[in-house]
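The values are calculated or read from the model by the stated rules, or taken from the named source; none is laboratory data. None of these values were measured; they are calculated from a predicted model. All Cβ positions, glycine included, derive from the backbone under ideal geometry; neighbour counts span all protein chains shown. Keep in mind that these areas ignore ligands, DNA and RNA; they rest on the heavy atoms of the full protein, side chains included. Shrake-Rupley method; radii C 1.70, N 1.55, O 1.52, S 1.80 Å.
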Amino acid sequence: MQEYFYRNSNREKWNGFVSEVSECGWLHSWDAIRYGCKFNQIIDNSSFIMLDNKDIPLSVCILAAHLNDRNEACLSFGGLECAIPAFSQLTKSRRRKIEKIVFSIILDYCKKYNIQSVLLSQPTVNIEESINKRVCANNKFLLQKYNFIPRVINTSIITLSHDNQELYSNVSQSHRKLIKRSKKKGFEVEVINKQLCDNKKKIVETLYEFQGVHLEAAGRKTRPQATWDAMKDALIAGMASLFVEYTESNQPISYLFCGEFRKSAFGWSQANVPEYGKKISPRHLLEWKAIQYYKQNGFSFYEIGEVFYSRQLFSSPTEKEKSISVFKERYGGDLFPKITWEGFIREEIKQKLLRDEFVKFEQELKCFQLI
C-alpha cells in the first residue's frame with residue numbers, strides 16, 4: 001500500500017480516485033480541501049488517499065492542522081471540520097485492517113503537530129447514496145469506536161426523484177405564495193456555471209458582485225479573500241453553480257452559491273442585496289429555482305441546509321439561525337442527521353470542555369413542549 005498525497009495531485013486525478021470510494025462526499029473532493037486550506041492559520045495539509053499495489057483507492061483521509069485563537073493546534077481547516085476517513089467497499093476483515101492503519105496515521109499526525117483536538121464531519125450524502133437516490137445509515141457512527149464525541153443536528157435535504165407536483169406541494173403555502181408573487185412581478189433567476197456560461201469573465205465578475213453583496217449584508221469581512229478565490233475556481237471548473245435573481249428591470253437582488261459533487265448539491269453561501277432583502281423576500285424564488293434546476297439536470301439530492309430548533313449538546317443556535325431554519329424547513333425536505341465529531345488527545349482538555357458544555361446545556365435545556 002502507498003499514500004497518494006493531495007499536495008502532489010490535481011483536481012482531475014484526485015477527484016478521479018475519490019469517485020471510486022463510495023463513502024466519499026463533497027468534503028473529500030479536491031475543491032473542498034482547497035477551500036479549507038485558504039483559511040487563516042493553516043499550518044499543514046497532509047490529506048492523502050490510500051492506494052493498493054494496483055493503484056486502486058482503499059481510503060480517503062483528510063488531514064489538516066491549524067492554530068486556533070489560543071494558539072493551540074487542532075485537526076481542522078481553521079475551525080471547519082475535516083471529512084471523516086472514507087473507505088471503499090471491502091470485505092469486513094480487510095476494512096478493519098485498513099481502518100486501523102488509517103487511524104494510526106491520524107494519531108501519529110496529531111502527535112507530530114501537537115494537536116489537542118480533532119474536528120471531523122460525516123458526509124450527509126455520499127457517492128453511493130447519490131447513485132442509489134437513497135440516504136442510508138451505514139457506518140454513520142463508526143467514530144464511536146475510536147472514542148469521538150458526536151454532535152448531531154438536523155439538515156434538510158430535498159429528494160429530487162419526486163415529481164415536480166409533489167416537490168411543489170411539499171413547499172409550505174406561505175412559501176408558494178411568495179414564489180408566485182415574485183414570478184408575477186417579473187423576477188427571473190439566472191444560473192451561472194460552466195455548463196451554461198462560456199464567458200469566464202462574466203463568471204468571475206458575477207461571483208465578485210456576490211462577494212460585495214455578502215460583505216454589505218454581513219456588515220463585515222467574514223473570511224479570507226482566498227476562500228472566495230477558491231469558490232471562483234470551483235465555479236469555473238464546474239464544481240459549483242451561482243444562482244442570481246433579478247428584478248423586472250434587471251437589477252440583481254439575491255445570490256445563492258451551491259456546491260456540487262457526483263449528483264448531489266448543497267447550499268454553500270447566500271446573500272440578499274440589503275435594500276431588497278426585507279421588502280420583497282427574494283430568496284424564496286431563488287431556492288425554488290435551484291431545486292428545479294438540479295432536478296432537471298439529473299441530480300439526486302439538494303441539501304438546503306441545517307435546521308436548528310433549540311439548545312443541544314455542543315450546539316447553541318442563535319435566534320437568526322433558528323429563523324433561517326424555519327425558512328429552510330418550509331421547502332418540504334426530509335430531515336436527516338448531520339453528524340460532526342470531536343476527539344481529544346489529552347484527557348484534561350476533554351474533561352474541561354465537557355464540564356463547561358454540560359453546565360451551559362443544563363442551564364439552557366428546555367423541557368418537552370409542543371411548538
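The residues of the stretch 264-299 that are among the acidic types (Asp, Glu) and open to solvent by 40 Å² or more (accessible area, probe 1.4 Å) amount to a single one, Glu275. Restricting attention to the stretch 300-331, and to residues there that are aliphatic (A, V, I, L, M) and either open to solvent by 10 Å² or more (accessible area, probe 1.4 Å) or part of a helix (DSSP H, G or I) (or both), which single residue is nearest to Gln195 (Cα to Cα)? Out of the qualifying residues, it is Ile324.
Select, from Ile371, Ile345, the only residue that is at pLDDT below 80 and either open to solvent by 50 Å² or more (accessible area, probe 1.4 Å) or among the basic types (Lys, Arg) (or both).
Testing whether each residue is at pLDDT below 80 and either open to solvent by 50 Å² or more (accessible area, probe 1.4 Å) or among the basic types (Lys, Arg) (or both) leaves just Ile371.
Among the residues examined, Leu107 qualifies as assigned to a helix (DSSP H, G or I) and of a type in the set (A, V, I, L, M, F, W, C). Scanning the stretch 112-131 for residues that are open to solvent by 70 Å² or more (accessible area, probe 1.4 Å) and in contact (Cβ under 8 Å) with a residue 24 or more places away in the chain, we see that the one that is farthest from the chain's Cα centre (by Cα) is Asn114. Counting only residues that are surrounded by fewer than 16 Cβ atoms within 10 Å (Cβ to Cβ), in contact (Cβ under 8 Å) with a residue 40 or more places away in the chain and not hydroxyl-bearing (Ser, Thr, Tyr), the stretch 153-163 holds 0 of them.
Looking across the stretch 82-99, the residues that are within 21 Å of Phe17 (Cβ to Cβ) and open to solvent by 40 Å² or more (accessible area, probe 1.4 Å) come down to Gln89, Leu90, Thr91, Arg94, Lys97. Going through the stretch 164-197 one residue at a time, which ones are touching a residue at least 12 places away in the same chain (Cβ under 8 Å), open to solvent by less than 100 Å² (accessible area, probe 1.4 Å) and not in a helix (DSSP H, G or I)? Result: Val171, Ser172, Lys185, Gly186, Phe187, Val189, Glu190, Val191, Ile192, Asn193.
Yes or no, residue by residue, for (1) closer than 30 Å to Ser104 by Cα; (2) of a type in the set (A, V, I, L, M):
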| residue | (1), (2) |
| --- | --- |
| Asn139 | yes, no |
| Ile157 | no, yes |
| Asn164 | no, no |
| Lys180 | no, no |
| Val189 | no, yes |
| Lys194 | no, no |
| Cys197 | no, no |
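Among all positions in the stretch 66-80, there is no residue which is aromatic (Phe, Trp, Tyr) and modelled with pLDDT of 95 or more. Give the stretch 131-161 a look and list any residue that's among the basic types (Lys, Arg) and assigned to a helix (DSSP H, G or I), or say none. Result: Lys145, single match.
The strands (runs of 3 or more DSSP E) located wholly in the stretch 198-291 that include 2 or more residues which are without any contact (Cβ under 8 Å) to a residue 40 or more places away in the chain and small (Gly, Ala, Ser) occupy 264-272.
Residue by residue, here is whether (1) within 21 Å of Glu260 (Cα to Cα); (2) of a type in the set (A, V, I, L, M); (3) in contact with a helix residue (DSSP H, G or I) (Cβ under 6 Å, 6 or more places away or on another chain) holds:
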{"residue": "Thr155", "(1), (2), (3)": "yes, no, no"}
{"residue": "Ile158", "(1), (2), (3)": "yes, yes, yes"}
{"residue": "His162", "(1), (2), (3)": "yes, no, no"}
{"residue": "Gln165", "(1), (2), (3)": "no, no, no"}
{"residue": "Ser169", "(1), (2), (3)": "no, no, no"}
{"residue": "Lys180", "(1), (2), (3)": "no, no, no"}
{"residue": "Lys183", "(1), (2), (3)": "no, no, no"}
{"residue": "Lys202", "(1), (2), (3)": "yes, no, no"}
{"residue": "Leu207", "(1), (2), (3)": "yes, yes, yes"}
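Among the residues of the stretch 187-207, the one identified as of a type in the set (Lys, Arg) and within 22 Å of the chain's Cα centre (by Cα) is Lys194.
Of the residues making up the stretch 40-77, those that are part of a loop (DSSP other than H, G, I, E, B) and open to solvent by less than 40 Å² (accessible area, probe 1.4 Å) number 7.
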